[in-house]
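J.: Supplied in structure tokens, the structure appears directly below.
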Amino acid sequence: MSTVTVPLGERSYDVVVGAGARHELARLVAATVPGARLAAVVTQSAIGVEVDPGVPVVRCEVADGEGAKSLTTVEDLCRRFAEAGLSRGDVVVAVGGGVVTDLAGFAAATYHRGVAYVNVATSLLAQVDAAVGGKTGVNLPEGKNLVGAFWQPAAVVCDTDVLVTLPEREWRSGRGEMAKYAFLGHAVAEGEVPEPLELLGLALDEQVARCVAVKAAVVAADEREGGRRAVLNYGHTLAHALEAVGFEDRGGRSGGLRHGEAVAVGLVFAAELAHRLGRVDARRVEEHRQVVVAFGLPTTLPGGVEPANLVELMRRDKKAHHDLTFVLDGPRGVELVHGVGPDAVLATLEAMERTS
Ligand code: GLY
């Protein structure tokens, strides 16, 4: 078992990682929310992970899927909290993946103008990403995560035992994010930056802890997403475009691409683009390929996608501020680069290998 601290002054908190970490929940609640007399456990019926927060529990189930991340669900949750008598000194415990931690975190941020919450992350994606960092929120019909709050958890639990039963698609999504962290080691290490391939040699709980440590360092440097946090979007600009194509072209050639797979292709693309722009050498591009392959993820563009269409979608990416903005590797490590020329982007996409 290991503990990674997210150092945010009075909002600092611990992320406990390892096999059986969920059994630390009662200790963490007692230490971080000492006045709690009741815990609202927010989860989904399919999660099936039992937890003991050490105080009486009111269980609040939410529906599966991204569709549940709505203001209606937040209202339902807050009404359940009120009916159960959850007070300002009590605690919300989110047990689930990113949908649950985003929803429960946002309900906690707003109920009584803010109550404490603890995340028990049950998917690999949530353990290495969604459960840590304090961004909470829900979707509107107009777009994803349009309503939310920065509200840091009091503690996070990443129990690797509960990952054993994850479906393969969930593993693939989490592994895509892990591959991303392999290239963000400079965020934590000052002198000796770990080699990307080192991550692969670690046991699963150590891999999760390493990824959490990177995320913690990035969040500590930029709690409210003023700039530095953008590096967490490494590989995501193309990934969002691929996912948008998959969505519009449901059942089509790019349909069915998992988030992690899209991120994996996005990482290889970002390395190729950085190479074309003279920011990294061919060896570094190869390293990206090796990490992505070692995580069992694809390196090639889906056969049917149109490069020009992808460029247009990337131009519209909400983080791009109307020009082509990418997170790219370079001599200073991975960083945000604005105003990348569309010709270089198009040429890089056209030169990428295709899945037939
Ligand atoms: N909750 C995810 C983040 O803050 O990045």
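J.: Return yes or no: is V164 touching a residue at least 12 places away in the same chain (Cβ under 8 Å), at negative phi and either surrounded by 17 or more Cβ atoms within 10 Å (Cβ to Cβ) or more than 16 Å from the ligand (Cβ to nearest atom) (or both)?
T.: So V164 fails the test.
J.: Scan segment 214-224 and tell me whether some residue there is without any contact (Cβ under 8 Å) to a residue 12 or more places away in the chain and either hydroxyl-bearing (S, T, Y) or on the phi < 0 side of the Ramachandran plot (or both).
T.: yes
J.: In the set P56, P7, which member is in contact with a Leu (Cβ under 9 Å, 6 or more places away or on another chain), surrounded by fewer than 15 Cβ atoms within 10 Å (Cβ to Cβ) and either of a type outside the set (K, R) or at pLDDT 95 or above (or both)?
T.: The conditions single out P56.
J.: Mind checking which residues of segment 20-48 are surrounded by fewer than 16 Cβ atoms within 10 Å (Cβ to Cβ) and assigned to a loop (DSSP other than H, G, I, E, B)?
T.: Result: G20, P34, G35, R37, S45, A46, G48.
J.: Applying the selection to segment 32-75, what residues are over 24 Å from the mean Cα position of the chain (by Cα) and closer than 16 Å to T136 by Cβ?
T.: Within segment 32-75, just E75 meets the criteria.
J.: While we're on this one: Quick one: would you say Y117 is crowded, with 19+ Cβ neighbours inside 10 Å, more than 15 Å from the ligand (Cβ to nearest atom) and under 21 Å from P34 (Cβ atoms)?
T.: For Y117, the condition - crowded, with 19+ Cβ neighbours inside 10 Å, more than 15 Å from the ligand (Cβ to nearest atom) and under 21 Å from P34 (Cβ atoms) - is not met.
J.: Filter segment 123-146 down to the residues that are more than 15 Å from the ligand (Cβ to nearest atom) and either crowded, with 24+ Cβ neighbours inside 10 Å or acidic (D, E) (or both) and list them by number.
T.: Within segment 123-146, E142 is the sole residue that qualifies.
Matching residues to (1) farther than 29 Å from L200 by Cβ; (2) modelled with pLDDT of 95 or more; (3) in a loop (DSSP other than H, G, I, E, B); (4) within 24 Å of the chain's Cα centre (by Cα):
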position: G266; (1), (2), (3), (4): no, yes, no, yes
position: E272; (1), (2), (3), (4): no, yes, no, yes
position: H288; (1), (2), (3), (4): no, yes, no, yes
position: G304; (1), (2), (3), (4): yes, no, yes, no
position: L313; (1), (2), (3), (4): yes, no, no, yes
position: A320; (1), (2), (3), (4): yes, no, yes, yes
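J.: Right, something else. Filter segment 332-343 down to the residues that are touching a helix residue (DSSP H, G or I) at 6+ places or on another chain (Cβ under 8 Å) and closer than 21 Å to A264 by Cβ and list them by number.
T.: Correct list: G333, V334, E335, L336, V340.
J.: Please tell me if H338 is modelled with pLDDT under 95, loosely packed, with under 15 Cβ neighbours inside 10 Å and on the phi > 0 side of the Ramachandran plot.
T.: So H338 does not fit the description; no.
J.: Next up: With respect to T73, is the statement that it is hydroxyl-bearing (S, T, Y), away from the ligand (no atom under 12 Å from the Cβ) and crowded, with 18+ Cβ neighbours inside 10 Å true?
T.: Criteria met by T73.
J.: In addition: From F150, F106, grab the single residue that is surrounded by fewer than 24 Cβ atoms within 10 Å (Cβ to Cβ), out of contact with any Leu (no Cβ under 8 Å at 6 or more places or on another chain) and touching a residue at least 24 places away in the same chain (Cβ under 8 Å).
T.: F150
J.: For segment 80-103: of the residues being touching a residue at least 60 places away in the same chain (Cβ under 8 Å) and under 18 Å from V51 (Cα atoms), which is farthest from the chain's Cα centre (by Cα)?
T.: For segment 80-103, the residue satisfying everything is V91.
J.: With (1) more than 23 Å from S123 (Cα to Cα); (2) modelled with pLDDT of 95 or more as the list, and D249 as the residue in question, which single condition is left unmet?
T.: With respect to (1) more than 23 Å from S123 (Cα to Cα); (2) modelled with pLDDT of 95 or more, D249 is out only on (2).
J.: Going through E198, E190, E206 one at a time, which residue ends up being modelled with pLDDT under 90 and of a type in the set (D, E, K, R)?
T.: Only one candidate qualifies: E190.
The values are calculated or read from the model by the stated rules, or taken from the named source; none is laboratory data. Quick caveat, the model's predicted, so the values are computed rather than measured. When we count neighbours, we look across all protein chains shown, and the Cβ atoms used for this are built from the backbone with ideal geometry, even at glycine.
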